[in-house]
DNA sequence: GTAACACCGGAGCGTTTCGCTCCGCAACTG
DNA sequence: CAGTTGCGGAGCGAAACGCTCCGGTGTTAC
């Protein structure tokens with residue numbers, strides 16, 4: 001029961017959460033000092049755990065992928081196809097999956113990351129397929145549409161900015177307002193409305209940003 | 001007929017458009033050099049027109065407010081309440097109204113800005129009220145919900161990031177995918193689905209970020 | 001009780017990037 | 001062809017960056 005280990009682990013958790021928050025607010029320019037400060041941890045402690053900024057971000061990506069996959073599995077475990085899909089989407093959005101967008105292309109993608117990412121794609125495909133077969137999801141929506149929707153809603157301009165300005169008093173209200181937007185978007189996924197414009201999006205939109213350009 | 005004036009005006013337009021683009025990609029950290037470079041204009045030319053970075057951003061805010069108000073007036077001119085509202089929302093989102101979010105609180109709000117902002121609120125209120133009275137908008141959606149939706153969708157993570165990475169080849173596909181998400185969200189605004197979660201959002205969420213904290 | 005130790009926070013290093021100034025030069029004008 | 005206008009960008013001091021390193025503090029072993 002060494003208190004030392006407890007503190008270390010709590011610091012680690014705080015660091016990862018702070019990194020996600022700061023990343024959401026400042027994007028690629030998120031500074032190590034800002035992350036440490038938000039976590040209430042010294043810079044030295046951060047660098048004892050992660051030798052470099054990139055290593056911290058890679059760890060963060062892995063954890064996000066894990067969360068995505070766990071949420072998808074939980075969704076598949078739900079007997080109701082719509083509740084399962086909707087719960088997955090809500091979970092990913094509120095977790096802040098969109099925060100990682102800014103670092104796409106800025107960090108090296110490890111083998112472990114791409115493996116977990118592939119698994120995530122399969123799980124989401126299964127969720128979407130089941131929803132389609134049950135007729136609870138509008139037919140012209142693809143799995144990639146859902147991915148992009150999660151990324152689009154996964155960052156909240158209002159929440160991020162209020163946090164940056166230190167208006168913590170408004171955060172609960174902003175979170176509530178955000179949940180209403182999520183509900184609106186989810187309702188737009190239900191069957192009934194007319195067809196979506198244009199052709200379904202190409203997968204390269206989601207994967208292409210993480211790898212180097214093929215040419216040029 | 002003087003070519004000089006023509007070039008100057010074209011440069012000014014390019015600067016403003018470039019500023020909006022760079023602001024969307026880099027947020028608050030958008031650098032003057034990056035804006036000038038994207039506009040294909042020298043830094044000197046930028047500073048001849050705008051004495052300071054803040055002045056450029058203030059001008060940008062004014063133009064965005066003008067666009068908002070003109071789009072709202074066009075929406076009200078549409079005899080179809082739903083088409084008017086939907087056109088307004090689509091227009092604001094594609095114009096990139098959300099790009100200005102990052103500079104809220106970072107620049108001084110002029111009298112002219114708040115006047116135009118107030119007028120924008122009234123126009124949107126009128127649009128929403130007319131849609132409610134015609135029953136084409138779900139009853140539990142407020143004007144503020146629409147404002148926040150525009151801000152949320154007004155920035156496209158995918159488009160911004162692809163542009164930053166120079167993947168211009170993927171931009172049309174990304175724009176198409178984005179339009180699908182907008183269509184989904186708009187469908188979620190139609191009447192029919194169940195009630196939205198929580199209470200309607202408070203107006204301070206939208207206005208509070210532009211002014212200094214009242215206390216502390 | 002106290003010496004040895006582990007681990008924390010943050011000052012400070014060199015480097016990069018920032019907002020902005022200033023000036024040489026090209027392009028119109030009369 | 002001299003005068004004028006307005007362009008592009010090198011370069012300034014200041015600020016912020018990623019990261020190193022060390023004094024101080026609380027924990028452990030005896």
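The values are calculated or read from the model by the stated rules, or taken from the named source; none is laboratory data. This one's a predicted model, so the numbers in the text were calculated from it and none came from an experiment. Here the Cβ is made from the backbone with ideal geometry for all residues, glycine too, and neighbour counts use every protein chain on show.
Condition check: at pLDDT 85 or above, in a helix (DSSP H, G or I), surrounded by 19 or more Cβ atoms within 10 Å (Cβ to Cβ) and at the interface with chain B (Cβ under 7 Å from one of its Cβ atoms). Does residue A:149 satisfy that? For residue A:149, the condition - at pLDDT 85 or above, in a helix (DSSP H, G or I), surrounded by 19 or more Cβ atoms within 10 Å (Cβ to Cβ) and at the interface with chain B (Cβ under 7 Å from one of its Cβ atoms) - is met.
The lone criterion from (1) surrounded by fewer than 20 Cβ atoms within 10 Å (Cβ to Cβ); (2) within 14 Å of chain B (Cβ to nearest Cβ); (3) closer than 29 Å to residue B:173 by Cβ left unmet by residue A:125 is number (2).
Could you list, in sequence order, the residues of segment A:16-36 that are at pLDDT 95 or above, surrounded by 14 or more Cβ atoms within 10 Å (Cβ to Cβ) and within 11 Å of DNA strand C (Cβ to nearest atom)? Within segment A:16-36, A:32, A:36 qualify.
Among the residues of segment B:162-171, is any touching a helix residue (DSSP H, G or I) at 6+ places or on another chain (Cβ under 9 Å), in contact (Cβ under 8 Å) with a residue 24 or more places away in the chain, in the same structural domain as residue B:66 (by TED's automatic domain parsing) and under 30 Å from residue A:142 (Cβ atoms)? Yes, that holds for at least one residue.
Taking residue B:96 as the residue in question, decide whether it is at positive phi and modelled with pLDDT under 95. Yes; evaluated as a whole, the condition is true for this residue. Of all positions in segment B:113-134, none carries a residue that is without any contact (Cβ under 8 Å) to a residue 60 or more places away in the chain and within 16 Å of DNA strand C (Cβ to nearest atom). Might you let me know whether segment B:166-177 holds any residue that is modelled with pLDDT under 90, under 26 Å from residue A:208 (Cα atoms) and not in a helix (DSSP H, G or I)? Within segment B:166-177, one or more residues are modelled with pLDDT under 90, under 26 Å from residue A:208 (Cα atoms) and not in a helix (DSSP H, G or I).
Please work out if residue B:95 is in contact (Cβ under 8 Å) with a residue 24 or more places away in the chain, within 14 Å of DNA strand C (Cβ to nearest atom) and closer than 25 Å to residue B:165 by Cα. The answer is no for residue B:95. The conditions of being away from DNA strand C (no atom under 16 Å from the Cβ) and not in a helix (DSSP H, G or I) are not met by residue A:89.
The number of residues in segment A:128-142 being part of a helix (DSSP H, G or I) and either touching a strand residue (DSSP E or B) at 6+ places or on another chain (Cβ under 7 Å) or crowded, with 22+ Cβ neighbours inside 10 Å (or both) comes to 1. At least 2 residues being assigned by TED's automatic domain parsing to the domain that holds residue A:102, more than 16 Å from DNA strand D (Cβ to nearest atom) and closer than 30 Å to residue B:101 by Cβ is the threshold, and among the helices (runs of 4 or more DSSP H) wholly inside segment A:1-83 those reaching it are A:53-77. When residues in segment A:96-113 are screened for being more than 13 Å from chain B (Cβ to nearest Cβ) and part of a helix (DSSP H, G or I), 3 of them pass. Selection of segment A:152-161 for residues being in a helix (DSSP H, G or I) and more than 17 Å from residue B:145 (Cβ to Cβ) yields A:160, A:161.
Only residues that are in contact with a helix residue (DSSP H, G or I) (Cβ under 9 Å, 6 or more places away or on another chain), surrounded by fewer than 20 Cβ atoms within 10 Å (Cβ to Cβ) and more than 21 Å from residue A:27 (Cβ to Cβ) were counted in segment A:85-114, giving 6. Being outside any helix (DSSP H, G or I), at negative phi, at the interface with chain B (Cβ under 7 Å from one of its Cβ atoms) and surrounded by fewer than 19 Cβ atoms within 10 Å (Cβ to Cβ) holds for only one residue in A:197, A:201, and it is A:197. Entry remark, segment B:179-194: residues being part of a loop (DSSP other than H, G, I, E, B) and either within 7 Å of chain A (Cβ to nearest Cβ) or at pLDDT 75 or above (or both) number 6 in total.
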